[in-house]
Amino acid sequence: GGVLNCLQWMQQRYALTEQDVFLMHTSLNFDPSVWELFWPLMVGGRVVIAPSGMLESSALVSYMAAQSVSCAYFVPSQLGVLVQEQRLSECRSLRYVISGGEKLPLPVLREFQELSRAELHHSYGPTETAIAATEWTCEAGADRVLIGRPIGNTQTYVVDEQMEPLPLGV
């Protein structure tokens, strides 16, 4: 149920179409692989699987451009390596990049926005929440990276050490 809720929310939020191409490059053991595989297929889109061993960022960028990838997921550390690849701007078909699984550094966000017209989204959520719990659309000129707001049909709480709710804004 949690996975279905997440996929339905993702579709409402991003509105993938049958023209979209999602890059699948994470391990099937990593929960975002569910997005990479099932989300585009549920709308008739295409999944392109990065060839195994494609570890060099320049090769991955070339593959994305050649395959007209429109959506991709990267952990922030990998995104940080990709933004060092100045050729990221060649991926003109890229519409959305979702980054999560670890803290997204502000310099990576800024470098990405300088290189790409694609929207960058910061996703947060432990695997137990069925992939994501919150999402934030990275804003141009942001002075910090936010965890974001709860995805659809969910609620989030910030609690202290005694599991007591903290006030809004904390």
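The values are calculated or read from the model by the stated rules, or taken from the named source; none is laboratory data. All values derive from a computational prediction rather than experimental measurement. Positions of Cβ are generated from backbone atoms using ideal geometry, with glycine treated the same way; all protein chains shown enter the neighbour counts. When the accessible area is computed, the model is the full protein with side chains, heavy atoms only, and any ligands, DNA or RNA have been set aside. Shrake-Rupley method; radii C 1.70, N 1.55, O 1.52, S 1.80 Å.
Key figures
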| read-out | value |
| --- | --- |
| Mean accessible surface per residue for region 61-170, computed with a 1.4 Å probe while every protein chain stays in place, in Å² | 57 Å² |
| Cα centroid separation, region 99-170 to region 66-97 (Å) | 19 Å |
| Coil-residue chymotrypsin sites (Phe, Trp or Tyr not before Pro) of region 6-40, DSSP, other Cβ within 10 Å capped at 12 | none |
| Loop sites in region 54-95: trypsin sites (Lys or Arg not before Pro), DSSP, at most 12 other Cβ within 10 Å | 92 |
| Net length gained if the chain between residue 128 and residue 54 were fully extended (0.36 nm per residue, minus Cα distance) | 23.7 nm |
| C-alpha long axis of helix 2-14 to longest principal axis of the chain, angle in ° | 60 degrees |
| Accessible surface of region 50-170 [probe 1.4 Å, protein heavy atoms]: carbon and sulfur percent | 51 percent |
| HN-Hα J in Hz across region 159-170 - Karplus 6.51, -1.76, 1.60, θ = phi - 60°, x for Gly and Pro | 10, 8, 4, 8, 6, 8, x, 8, x, 4, x, 7 |
| Relative contact order of the chain, defined on C-alpha pairs under 8 angstrom at six or more residues apart (%) | 17 percent |
| Helix 57-66 vs. the chain, principal-axis angle (Cα, 0 to 90°, nearest 10) | 70 degrees |
| Coarse-grained scattering of the chain at q = 0.13, 0.14, 0.16, 0.21 Å⁻¹, given as base-10 log I(q)/I(0) from a Debye sum over alpha-carbon atoms | -0.63, -0.73, -0.95, -1.58 |
| Fraction of beta bridges assigned by DSSP in region 81-138 that are antiparallel (%, nearest 5) | 45 percent |
